[in-house]
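Input: a single structure, listed below in structure tokens.
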Amino acid sequence: MGRRREGRPPLEANPMRDRLLEWMSYRSQGNAADLPHGLAAAEKRRWQLEDMAVLGHIELDQDGRWRIAPPTLADTSGEVEEAHAAVVCGARTRGVTERLLSACQLHGGSIESSAQADGRPDRIIVSAPTSPALSAIAVSAGMRRQRDAGFSILACLPAIRSWPRTACPMVDGKVEDVSRFSKSELKWKPSSLDAARQEVHGLFQIKRDWTTVTLIKSGRDTQAQIDLLAGRLAAVAGAKRLRLDLQARTLRLPLALKPPILISRALTLCSGALPEIDWETRHLIYRDIPIKTARLAISITGLRLA
Amino acid sequence: MSISAVFTALVWIAIVAGSAGLIVAIVKILNWYKDMQEDLRGLWQNSSWPHADNGSFEQTFSTPSVPVDSPALEQGEPTPPSADIHEFVPSADFNDVVEKTPPQAPAIEVGSEATQVAAKQSGCVPVDEDVANILSEHRDATGKTATASNKLPETLNSRIRISPSDDDATEVDEPADAESGGHYSVANSAKQDENADQPGVMAVGPDQDLGTSEPEADRVVAKDVGNHSAPIEYGIPEEDSPADFEDSSLDRLMMDGVLATARMAETELPEAPPTPVALREDPGDPSPSPAPSRRPAIFKDRRGAKRSTPAEAAKGSHTTEGVPALRQAEAKLRLTIDTTRKRVVLAAVLSRPEGFPESIDVSQFGEVLAFDRSRYDDIEPEWSPDLLSGEIRLRDESSGLEWVRSARPFQLFANVAGEPDLISVPAASFGATHAIICLSEDSAGIDEIAQQAGSPALEQLDAYRGVPTGWKVLTGFAPSRSLPERPPAAMRPLDPGAQIEITFVGGFEIRAGEYAQQEPPRVTIAPLPSGCEVFIDGRPAHTADDGCWEAPGWDDPGQHTVDVVPGPSRSFSLIEDPAADGGWKSWPANSELVSTVLPLAAVCGAAITCPEGRAFLASEPASSAIAIGLRQNVQRLHIRPDAPAAIALLHFWPAFLAVSNGHKRTQAKLHVLDLNSSAANSAMRPLDPRWVSTVRLTAARRPPITPSTPVAEAAWAGAARAARRWKRIR
């Protein structure tokens, strides 16, 4: 995640700055280890891939395998019906941008590009006078258009309390480390395997020789494996941790409660920019969130407004 | 009557005249035949070849290739009678039977000193039926046949022993070659079996008693590796090779046969016939080895040679009929030198091109797993003396995969990035230290070439275990300069050549050697001697303004090969922008997560994907949310109980979305969605009563329309008008 920087000049002839995204577009799919050293530093590859997934450019597996998504115009205009704008997601090559420029010229659209921090792909916003014009641009450019992308993706996702989890027996044998996620402090606290067995609720992370499992307890002898990001939200369900600013149209939530990628993608596509990080308060800030999308996000995450 | 008598007389005259002419012609033919027989008899008696003493000569060779002024003829050496042949053939040292295929392949070169001695010693002769029978019996006893012998050069002869299989009935005749100094005919055992019963088509090899005991005789490897294959060795004679012929071992004769095969490949004549698979775990195993589906792969140093373009290569390629196409890949060798244990290990390294599976089932070696993306785990066959004699061909029959290592006179190894041991390389390069595996008799010649190339003296690992008899491992070959003279073809891999380097500068590299089409690399060549030419894909290249090399079509998508003639070559590929070729396909990503809420739907990137013919629609929560088509179809959206959203997978493309939270006008809202071709097409169909009812009820409430544009209002007005009109007609 990085801070948003705007103010770049509009996309002109064909500057291809997004080298990593273009490289991935040519490769179509691969592993995190495949990324060239010149385009992605080894220690930042995982973060880069996660940011690309949040921006809707790729799909990312748990084991680091990625695959490029087809080019899509994702509507950012949730409730402002008069302003028809969409962010360009998915594969991006010179051919894609050239066709998009031609389509915009043909249908009266405009393109604005702005850089994102840490070398993430530029945010490209396509604007059109009307919604049909935006659809025509998408068709001419050979791209899909997703109406109200943020809200639509959120509407397809299960609530955190229903997030997929796999029931499993309690971990036995030797473990290296056991920690519990503190609902009040929003951080991992040392714990023990016996405590994990005895607890009725809570999220535990148990590190074994080679693997680390995340277990969420729903009873003394009932536990299930769950995705780490979803598990943290599930562990603090009902906590008043969300801050919604209706005027600024921002949604803030603690950095420790970073939502799963698909939820984060839905919120990110409302603006097309990666969420900002307020390091002082350690909060993630999603911008340009329509009210209906914010209400849906609150419901999906299971958090409450502070 | 008179006419009849005249006619009869004419007929008789014609008959008499014709008979006379026929008699004259027969007499002329007889005379010509007699003269020819006399000439042939005289010529035969002047030759040094043993021949049948009954005087009846069946010409099985085009012409005896011995010059009339040869010393052998001058000395008037006696020609052994056919009885000598009968005594000679079963000789213990003859494991094979000679075969010579007339008339294309005269046995021995005309005019050279070597030929003269060969004529004295080899004793190739056509045999009569009795001799053929005896030879056939002997062949049956030994399971082998032999071919005419020629002298192998003392040193530096590229020699590859190839073990033919019974499945290959092949025959190769090499036409005269001024450089090579001889003609050869090769036939494997199967073919020889076919010819065995034909009198007069077989020639007998040199009598052992007449042979010389040259040191080269030690090189003869006479092994019986089973019914399926007899090791064959070939070498490439040099122009100034000694003229005498070698000891008369029929294994040597067979080596000569394969020598022709190798020379044929090196002279770029039509390629050699199918030569057998060489790699076997147990040379003595009588079970037949897998039959190759293609001609044997014989290595040729192609540095500096012009290449055909990929399209030409594909055009020119052909497959053997009836043999299923195999995907082929390269097999390399790994040489591990354990200096502590004084041991040498040889392993096969199977490459793994793109598309090859994670696991393969190699015949005789079982399952082999992929080591990484470029190769599989090593295979360690038993390093027998035959292993490196010819090509190595490994197969995964179930997957239709094949790995080939072409036959070559010696194996060259060097350090390769990412590999712990020495890996086989096609040719020597500057600045690298190489190891060489060669036949023992070739080591002296290789050492001599190494000195010419500026390398330190080679070290022979004689005390090391693991090296089979007859082979040597030489280390420390580090060439520092080009060879002063062009070496024989077989030795060219030892020549590092001119130090020309082809470099690809810049470009947007997607994979190793593969670049994006819109950013191709620039081709630089340095240093470039004045006598060199540069080709790209076979087309003459020229320098651009920036000094880089270009040629017509060099930046088109596909593979391109830069050739410096003479000199090195290097290839690169340009990948076409995927956007120009249909782009990227969506797939049901995250379906396991989304399907808990909306079966059949998925989230791929920023889009909701659903099966063909379906459309996804999501809306803000309401007590009623109905999707309406342009002229038909309505479907109520599913209100999520756990989240403020209404969703549906529609079987039609929606044009309107009516949302209502109560009965008041202000509690309703009508969204006009984007029309697309699917919705427009539905307008041509008959109206749907449910659609009419829904539109009428919605229109009666006069809800606010979003967006409030004239186009949207007109679209809804048209739908409402159509619904009302439909009712009036009824």
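The values are calculated or read from the model by the stated rules, or taken from the named source; none is laboratory data. If you're wondering where the values come from, they're calculated on a predicted model, not measured in any experiment. All Cβ positions, glycine included, derive from the backbone under ideal geometry; neighbour counts span all protein chains shown. These area figures cover heavy atoms from the full protein model, side chains too; ligands, DNA and RNA do not enter into them. Shrake-Rupley method; radii C 1.70, N 1.55, O 1.52, S 1.80 Å.
Observations, loosely collected:
- Residue A:164 vs. criteria in contact with a strand residue (DSSP E or B) (Cβ under 9 Å, 6 or more places away or on another chain), within 27 Å of residue B:593 (Cβ to Cβ), within 14 Å of chain B (Cβ to nearest Cβ) and surrounded by fewer than 16 Cβ atoms within 10 Å (Cβ to Cβ): yes
Residue-wise test of (1) buried (at least 24 other Cβ atoms within 10 Å of the Cβ); (2) under 18 Å from residue A:288 (Cβ atoms).
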| position | (1), (2) |
| --- | --- |
| A:71 | yes, no |
| A:97 | yes, no |
| A:104 | no, no |
| A:115 | no, yes |
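- Just one of the listed residues (B:397, B:382) is surrounded by fewer than 20 Cβ atoms within 10 Å (Cβ to Cβ), over 22 Å from the mean Cα position of the chain (by Cα) and either of a type in the set (D, E, K, R) or closer than 22 Å to residue B:490 by Cβ (or both), namely B:382.
- Some residue of region B:562-584 being of a type outside the set (Gly, Ala, Ser), closer than 28 Å to residue A:263 by Cβ and either touching a Leu at 6+ places or on another chain (Cβ under 7 Å) or at pLDDT 90 or above (or both): yes
- Scoring residue A:127 on the criteria (1) surrounded by fewer than 24 Cβ atoms within 10 Å (Cβ to Cβ); (2) out of contact with any Lys or Arg (no Cβ under 7 Å at 6 or more places or on another chain); (3) within 13 Å of chain B (Cβ to nearest Cβ) leaves a single failure, condition (3).
- Of all residues in region B:1-52 being of a type in the set (Phe, Trp, Tyr) and in a helix (DSSP H, G or I), the one that is modelled with the highest pLDDT: B:12
- Residues satisfying the stated conditions in region A:260-292, i.e. β-branched (Val, Ile, Thr) and over 16 Å from residue A:53 (Cβ atoms): A:277, A:281, A:285, A:289, A:291
- Of all residues in region A:267-285, none satisfies the criterion of being among the aromatic types (Phe, Trp, Tyr) and either within 17 Å of residue A:56 (Cα to Cα) or in contact (Cβ under 8 Å) with a residue 12 or more places away in the chain (or both).
- Among the residues of region B:407-423, those identified as assigned to a strand (DSSP E or B) and open to solvent by 10 Å² or more (accessible area, probe 1.4 Å) are B:415, B:422.
- Filtered residue count, region B:591-615, keeping only those that are more than 7 Å from chain A (Cβ to nearest Cβ) and within 25 Å of residue B:655 (Cβ to Cβ): 10
- Looking across region B:421-445, just one residue is of a type in the set (D, E, K, R) and under 17 Å from residue B:345 (Cβ atoms), and that is B:421.
- When residues in region A:178-208 are screened for being in a loop (DSSP other than H, G, I, E, B), within 27 Å of residue A:263 (Cβ to Cβ) and among the charged types (D, E, K, R), 4 of them pass.
- Of the criteria (1) surrounded by fewer than 23 Cβ atoms within 10 Å (Cβ to Cβ); (2) away from every other protein chain (no Cβ under 13 Å); (3) in a strand (DSSP E or B); (4) of a type in the set (A, V, I, L, M, F, W, C), which one residue B:652 fails: (3)
- Residue B:336 fulfils the conditions (1) open to solvent by 20 Å² or more (accessible area, probe 1.4 Å); (2) closer than 14 Å to residue B:297 by Cβ except for a single criterion, (2).
- For residue A:150, the test of being of a type outside the set (S, T, N, Q) and away from every other protein chain (no Cβ under 12 Å) is failed.
- Those residues of region B:356-371 which are open to solvent by 60 Å² or more (accessible area, probe 1.4 Å) and more than 15 Å from residue B:332 (Cα to Cα), in sequence order: B:358, B:361, B:364, B:367, B:369
- Condition met for residue A:120 (within 17 Å of residue A:20 (Cβ to Cβ), among the charged types (D, E, K, R) and more than 13 Å from chain B (Cβ to nearest Cβ)): yes
- Selected residue (criterion: nearest to residue A:160 (Cα to Cα)) from residues of region A:267-293 that are in contact with a Cys (Cβ under 9 Å, 6 or more places away or on another chain) and within 12 Å of another protein chain (Cβ to nearest Cβ): A:293
- Residues in region B:570-590 that are crowded, with 19+ Cβ neighbours inside 10 Å and away from chain A (no Cβ under 14 Å): B:572 alone.
- Among (1) facing chain B (nearest Cβ under 9 Å); (2) aliphatic (A, V, I, L, M); (3) under 30 Å from residue A:217 (Cβ atoms) - the single one residue A:87 does not satisfy: (3)
- Of the numbered criteria (1) touching a residue at least 60 places away in the same chain (Cβ under 8 Å); (2) in contact with a strand residue (DSSP E or B) (Cβ under 6 Å, 6 or more places away or on another chain); (3) more than 14 Å from every other protein chain (Cβ to nearest Cβ); (4) not aromatic (Phe, Trp, Tyr), the one residue B:536 fails is (1).
- Inspection of region B:497-507 identifies at least one residue that is part of a loop (DSSP other than H, G, I, E, B) and within 14 Å of chain A (Cβ to nearest Cβ).
- Considering the conditions (1) touching a residue at least 24 places away in the same chain (Cβ under 8 Å); (2) under 21 Å from residue A:285 (Cα atoms), residue A:215 is excluded by exactly one of them, (2).
- Residue, farthest from residue A:125 (Cα to Cα), within region A:39-72, restricted to residues that are in a loop (DSSP other than H, G, I, E, B) and more than 9 Å from every other protein chain (Cβ to nearest Cβ): A:63
- First in region B:392-404 and on the phi > 0 side of the Ramachandran plot, second anywhere and among the hydrophobic types (A, V, I, L, M, F, W, C), Cβ under 9 Å, 6 or more apart: B:400/B:325; B:400/B:326
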